[in-house]
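Each remark here refers to the structure printed beneath this line.
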Amino acid sequence: MKDFIAALPKAELHLHIEGSFEPELMFEIAQRNQIEIPYKTIDEVKKAYQFSCLQDFLDIYYAGAGVLIHERDFYDLAMAYYQKCYENNVIHTEIMFDPQTHTERGIAFETVINGLQKARLDAKEKWGINSLFIMSYLRHLSEESAFETLKQSLPYKDLITSVGLDSSEMGNPPTKFKNVFEASVKEGYIPVAHAGEEGPAEYIWEAIDILKVARIDHGNRCLEDENLVNEIVKRDLALTVCPLSNLELRNTDVMTNHPLKKLLDKGIKATVNSDDPAYFGGYMNANFEAVQEALDLSKEDIVTLVKNSFNYSFATDEQKRYYLEKVDEVIADFN
Ligand code: HPA
Ligand code: ZN
């Protein structure tokens with residue numbers, strides 16, 4: 001199974017680039033930029049990465065992102081992630097970035113996007129990896145701040161495919177961002193949103209009915225509302241599920257209770273993703289291995305998850321056909 005998972009080409013649809021910031025690179029960039037960080041050793045970092053909820057994690061995640069100053073820092077961050085994609089056989093990835101995490105600290109939008117874009121081109125050339133960008137609004141900030149971010153993005157519109165919604169979910173329902181999502185869609189961005197990670201099923205209803213998302217990030221708590229499950233199936237909306245994240249943020253108590261298999265059994269198009277791999281202990285293959293083992297997923301389940309990742313990506317139909325052919329070649333090799 002491990003070999004099968006590793007050999008399959010995959011698409012990643014839920015990844016925060018700031019969450020792929022490995023401690024070694026964080027030390028290096030902090031030193032380069034002469035910024036003090038509260039850890040001296042990797043051991044100290046690992047100790048700090050014990051989370052009891054989403055907010056606990058977010059506090060540390062935003063602090064870590066604080067050492068990113070120059071275009072080169074964003075380039076290095078993204079190249080390190082693309083290298084992991086190569087190692088994990090991720091051939092298509094849809095990368096979220098949080099402009100406000102940086103613009104709030106006085107870093108220009110252009111510094112962030114230019115660093116990411118250079119890395120994207122180099123990763124395509126070096127490893128053949130295709131990727132697109134999802135600009136995510138921070139939901140703990142105001143809708144006005146999201147509007148400002150939308151405005152800053154417009155000169156770079158051609159580089160950005162989609163808009164998302166992340167950060168502290170409880171108390172920041174999707175409705176808060178109704179207008180800015182409408183305006184974003186008018187600019188051509190495809191809407192997605194985190195919903196039902198910690199927040200209730202009601203937030204997922206708002207994401208689909210009010211923000212009109214094309215995909216739901218996490219969405220685990222839809223299982224608490226049967227009508228919602230039926231609606232998600234009917235509207236053919238995929239969920240970007242993140243197993244190790246759910247475990248580390250205690251949205252799942254033990255992996256054997258993870259809802260992934262239930263979601264699949266209900267006919268929901270689930271996918272497997274790493275979310276913030278540097279903080280949650282694993283990239284794509286590790287996420288697949290963890291759920292496969294805990295839930296005793298079959299080869300067919302793994303194939304379904306992998307095919308979902310391509311089918312529900314924002315790739316072109318032609319790209320999708322090519323990707324699915326590659327998947328079928330590997331399946332044939334294993335039979
Ligand atoms: N949830 C919400 N916001 C986030 C996450 C997450 O899992 N990761 C980075 N920002
Ligand atoms: Zn996320």
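Just a few scattered comments:
- Single residue of Asn335, Asn246 found to be of a type in the set (S, T, N, Q) and within 19 Å of Glu12 (Cα to Cα): Asn246
- If you go through the stretch 139-176 and keep only what is open to solvent by less than 40 Å² (accessible area, probe 1.4 Å) and within 16 Å of ligand 2 (Cβ to nearest atom), you end up with Arg139, Ser162, Val163, Gly164, Leu165, Asp166, Ser167, Ser168, Glu169, Asn172, Pro174.
- Helices (runs of 4 or more DSSP H) fully within the stretch 204-266 counting 3 or more residues that are away from ligand 1 (no atom under 15 Å from the Cβ), at pLDDT 95 or above and open to solvent by 10 Å² or more (accessible area, probe 1.4 Å): 226-234, 260-265
- Scanning the stretch 63-72 for residues that are over 19 Å from Gly282 (Cβ atoms), part of a helix (DSSP H, G or I) and either in contact (Cβ under 8 Å) with a residue 40 or more places away in the chain or of a type in the set (D, E, K, R) (or both) yields a count of 3.
- Verdict on Ile204 being within 22 Å of Ile134 (Cβ to Cβ) and either within 16 Å of ligand 2 (Cβ to nearest atom) or in contact with a Leu (Cβ under 7 Å, 6 or more places away or on another chain) (or both): yes
- Selected residue (only one of His92, His70, His16 is away from ligand 2 (no atom under 16 Å from the Cβ), within 21 Å of His218 (Cβ to Cβ) and either open to solvent by 10 Å² or more (accessible area, probe 1.4 Å) or within 21 Å of the chain's Cα centre (by Cα) (or both)): His92
The values are calculated or read from the model by the stated rules, or taken from the named source; none is laboratory data. A quick note: this is a predicted structure, and the numbers were derived from the prediction, not measured. A quick note on method: Cβ atoms are made from the backbone with ideal geometry, for glycine too, and the neighbour counts reach across all protein chains shown. With ligands, DNA and RNA removed, areas are computed over all heavy atoms of the protein, side chains included. Shrake-Rupley method; radii C 1.70, N 1.55, O 1.52, S 1.80 Å.
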